[in-house]
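In what follows, a structure is listed as structure tokens, so that the remarks can point back to it.
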Amino acid sequence: MRYIHIVGIGTGNPEHLTVQAINALNAADVIFIPSKGAAKTELADVRREICHRYVTNNATRFVDYDVPSRQTADRSYVESVDEWHEAISATYERLFLEHLTDSESAAFLVWGDPGLYDSTLRIIDRVSGRGKVALDYSVIPGITSIQALTASHRIPLNLVGKPVQITTGRRLAESFPDVAETAVVMLDGEQAFSKIDDPDAYIYWGAYLGTKDEIIIAGRLVDVSEHILSTREQARARHGWIMDIYLMRKGHDFDDRE
Ligand SMILES: C[S@@+](CC[C@H](N)C(=O)[O-])C[C@H]1O[C@@H](n2cnc3c(N)ncnc32)[C@H](O)[C@@H]1O
């Protein structure tokens, strides 16, 4: 049976790697490296840098592969993601059949943590479901962009004894601050924070966290919203891509003390 190590690698700083992750990479016969097109070669470079630093096993084989891109025209969001996952499953199946013998193992380096807004585990499940390759796998946790964000801003994630919501830009307006006074927003292509009109809201924003290009901005939303928008736009133009995340907060520790 082929064995797959699904390794969380943190969010751009090679020092985010855990000892467990380094050991898993060195245990793999093959390491698969995705290339996502020119704009994201920097992300592939981070994976290469990690392998260069930490893989000491001379027998390890490295295999690059192209990640299929998601088609969005004439499909609902769900159809588009479903089709995309199927295409990636077919790619993984081919990689396993072509590059691994039945008793060998491989590793994928997954951005951040494999359990947070990432589909690798769903894809591996689909590959098993297709029935052509017998697989077993393990998951190595990684530092998430949420942890990178709160560490860079030197803030706790939650207010004392309070919940936190993790959501996407598309859904922020539905929930903040009604569901939780702290919302972490990921995958926000529309800068949903700029549509929140609340004089008491704070924002802690970060882009390229963990990398040498990291930018962070924090303050009262009404005071810093424009600054974040212009900084984000300039950075995106300069790099050709951006990954950003933010925490929105209303209220303070012990606000509801009785
Ligand atoms: C597909 S999700 C992957 C999340 C990842 N599994 C994790 O644990 O953070 C991609 C989103 O994560 C956030 N993200 C990931 N890396 C980041 C970084 N270095 N700086 C800022 N945001 C990041 C952004 O919101 C981005 O849109």
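The values are calculated or read from the model by the stated rules, or taken from the named source; none is laboratory data. Source: prediction; values computed, not measured. Methodologically, a virtual Cβ is constructed for each residue, glycine included, from the backbone with ideal geometry; neighbour enumeration extends over all protein chains shown. For accessibility, only protein heavy atoms count, side chains too; no ligands or nucleic acids. Shrake-Rupley method; radii C 1.70, N 1.55, O 1.52, S 1.80 Å.
For Val78 and Ser194, what is the calculated FRET efficiency with R₀ set at 30 Å and r taken between the beta-carbons, to the nearest 0.05?
0.65
For the stretch 146-249, just say rounded, prolate or oblate: build the C-alpha gyration tensor, square-root its eigenvalues into a ≥ b ≥ c, call rounded for a/c under 1.5, and beyond that prolate if a/b exceeds b/c, oblate if not.
prolate
Per 0.36 nm of contour for each residue apart, how much would the distance between Leu187 and Ala134 grow if the chain were fully extended, relative to their Cα-Cα spacing?
15.8 nm
Let me cross-check Leu97: its accessible surface, 1.4 Å probe, with only protein heavy atoms counted, in Å² to the nearest 10?
80 Å²
So how far, in whole Å, is the C-alpha centre of the stretch 1-74 from the one of the stretch 173-192?
Distance between centres, Cα-based: 30 Å.
Over the stretch 146-249, what relative contact order in percent results from Cα pairs under 8 Å that are six or more residues apart?
30 percent
Between Asp125 and Asp223, what's the calculated FRET efficiency when r is the beta-carbon distance and R0 is 30 Å? Round to 0.05.
The value I calculate is 0.10.
Report, for the stretch 2-143, the % of DSSP beta bridges that are antiparallel, rounded to 5.
5 percent
Using helices alone, what [θ] at 222 nm do you get for the chain, with -39,500 (n - 2.57) per DSSP H run of 4 or more residues, divided over all residues and rounded to the nearest 500?
-11500 deg cm²/dmol
For Cα pairs less than 8 Å apart in space and 6+ apart in sequence, what is the mean separation divided by the residue count of the stretch 1-129, i.e. the relative contact order in percent?
It rounds to 42 percent for the stretch 1-129.
Rounded to the nearest 5, what % of the DSSP beta bridges within the chain are antiparallel ones?
Percent antiparallel among DSSP bridges in the chain is about 40.
Could I have the simple spin-label model distance between Asp45 and Asp178, label points 7 Å from Cα toward Cβ, reported in nm to one decimal?
4.5 nm
Between helix 221-239 and the chain, what is the angle of the helix's C-alpha long axis to the longest principal axis, kept within 0 to 90° and rounded to the nearest 10?
Tilt of helix 221-239: around 30 degrees.
For Cα pairs less than 8 Å apart in space and 6+ apart in sequence, what is the mean separation divided by the residue count of the chain, i.e. the relative contact order in percent?
22 percent
Only four residue types carry charge here, +1 at the Cβ of Lys and Arg and -1 at the Cβ of Asp and Glu. Report the dipole size of the chain about the Cα centre in Debye, rounded to the nearest 20.
560 debye
Place a point 7 Å from the Cα of His252 along the Cα-to-Cβ direction; which residues of the stretch 203-224 have their backbone N under 15 Å from it?
220
Just to be sure I understand the model, the point goes 7 Å from the Cα along the line to the Cβ. What's the resulting Val63 to Thr18 distance in nm?
It works out to 2.6 nm between the two label points.
With +1 on the Cβ of every Lys and Arg and -1 on the Cβ of every Asp and Glu, and nothing else charged, how large is the dipole of the stretch 146-249 about its Cα centre, in debye rounded to the nearest 20?
320 debye
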